[in-house]
Amino acid sequence: MTRPLAVLAKRLPAARYLSAACDPRPLRDWPGYEGRNVTRCRYGVTSGGKTLGALVYLLNPSADNIALRVRDACSHVKLAGHAGCGRYLASMIVKQNGGQFPVAGFVIERKRDAGGTGEDPVYLEFRDGTTIQSTDRLNFTDRQLTVEAMEHAARAPVRDSRRIARIANATRADYRSAGGTEPVGSTPDDDRLKRWPAAIRANELHAQDTGEDLLLRGVAVRLRASLEGAK
């Protein structure tokens, strides 16, 4: 576990830009996360000469916990003794999302990284570690939102779920390949009951408690050839 932990200890702090300015006292009564230390944070992103500020509620795993999850995933694909596997997965998590788990609120990305074109920043609504569309419909907004609007959207009903699950950068197919049984569909259109966010939440809470991450196991299955060849 030393090698992935070394990668995480070195690179994780700088990658966690969502927690630039967080309230000192966590919330312990967020629905679905009762008893957990959910942190309310503010941050800003500048791109294309434009800056947006956002609000997000986070439940980030520690570097030690992520290292345990990486080790578990490598063991799942029979690569426990291969140092390259751990380094690969740890580096992937840092690069993709900084091991940050948004419970609710907004993640700001460049338009081209969010499926559009251009460098301007836009808001993406998040819930339970995945992009969603709430009934407030604020995805891809490129003007500064008020705090009141962001707080309302963070609690608004989920209208649609999207594809990728944090922190593993996993898909529904990864979830099923690792043994996931919730009926989350194959695509967002198939997930009519919007069970994907709840499945991600359950996985994250279990992973933070035990170091066993079903979604990261599924990613390891999909990437096994790359993990085996990693140095």
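The values are calculated or read from the model by the stated rules, or taken from the named source; none is laboratory data. Nothing here was measured: the structure is a model prediction, and the numbers come from that model. Note that each Cβ is placed from the backbone with ideal geometry, even for glycine, and that neighbours are counted across all protein chains shown. Heads up: the accessible areas ignore ligands, DNA and RNA and are worked out on the full protein's heavy atoms, side chains in. Shrake-Rupley method; radii C 1.70, N 1.55, O 1.52, S 1.80 Å.
Summary table below
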| item | result |
| --- | --- |
| Filtered residue count, the stretch 108-123, keeping only those that are open to solvent by 70 Å² or more (accessible area, probe 1.4 Å), part of a loop (DSSP other than H, G, I, E, B) and out of contact with any Gly (no Cβ under 7 Å at 6 or more places or on another chain) | 2 |
| Index of the failed condition, L52 passing every other in (1) assigned to a strand (DSSP E or B); (2) buried (at least 19 other Cβ atoms within 10 Å of the Cβ); (3) under 18 Å from the mean Cα position of the chain (by Cα) | (3) |
| Per-region count, the stretch 175-208, residues touching a helix residue (DSSP H, G or I) at 6+ places or on another chain (Cβ under 9 Å), assigned to a helix (DSSP H, G or I) and of a type outside the set (G, A, S) | 10 |
| Condition broken by A220, with the remaining ones in (1) touching an Asp or Glu at 6+ places or on another chain (Cβ under 8 Å); (2) at pLDDT 95 or above; (3) open to solvent by less than 10 Å² (accessible area, probe 1.4 Å); (4) of a type in the set (G, A, S) satisfied | (1) |
| Every residue from the stretch 113-140 that is more than 25 Å from I200 (Cα to Cα) and of a type outside the set (D, E) | G116, T117, G118, P121 |
| Residues of the stretch 125-144 classified as open to solvent by less than 10 Å² (accessible area, probe 1.4 Å) and either in a loop (DSSP other than H, G, I, E, B) or over 27 Å from V7 (Cα atoms) (or both), total | 4 |
| Residue in the stretch 13-24 that is of a type in the set (A, V, I, L, M) and open to solvent by 60 Å² or more (accessible area, probe 1.4 Å) present | yes |
| Members of the stretch 68-103 found to be on the phi > 0 side of the Ramachandran plot and in contact (Cβ under 8 Å) with a residue 60 or more places away in the chain, listed by number | G98, G99 |
| Cross-chain or 6+ apart pairs with Cβ under 6 Å, the stretch 150-165 first and under 14 Å from L138 (Cα atoms) and in contact (Cβ under 8 Å) with a residue 60 or more places away in the chain, then small (G, A, S) and open to solvent by less than 80 Å² (accessible area, probe 1.4 Å) | A154/A104; A154/G105 |
| Selection from the stretch 152-174 of residues that are among the acidic types (D, E) and either assigned to a strand (DSSP E or B) or open to solvent by 60 Å² or more (accessible area, probe 1.4 Å) (or both) | D160 |
| Restricting the stretch 178-199 to residues that are touching a strand residue (DSSP E or B) at 6+ places or on another chain (Cβ under 9 Å) and open to solvent by less than 40 Å² (accessible area, probe 1.4 Å), the residue that is nearest to R69 (Cα to Cα) | A178 |
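For (1) part of a strand (DSSP E or B); (2) at pLDDT below 95; (3) crowded, with 19+ Cβ neighbours inside 10 Å, each residue gets a yes or a no:
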residue: A6; (1), (2), (3): no, yes, no
residue: A9; (1), (2), (3): no, yes, no
residue: G32; (1), (2), (3): no, no, no
residue: R42; (1), (2), (3): yes, no, no
residue: P61; (1), (2), (3): no, no, yes
residue: D64; (1), (2), (3): no, no, no
residue: C74; (1), (2), (3): no, no, yes
residue: G81; (1), (2), (3): no, yes, no
residue: L89; (1), (2), (3): no, no, yes
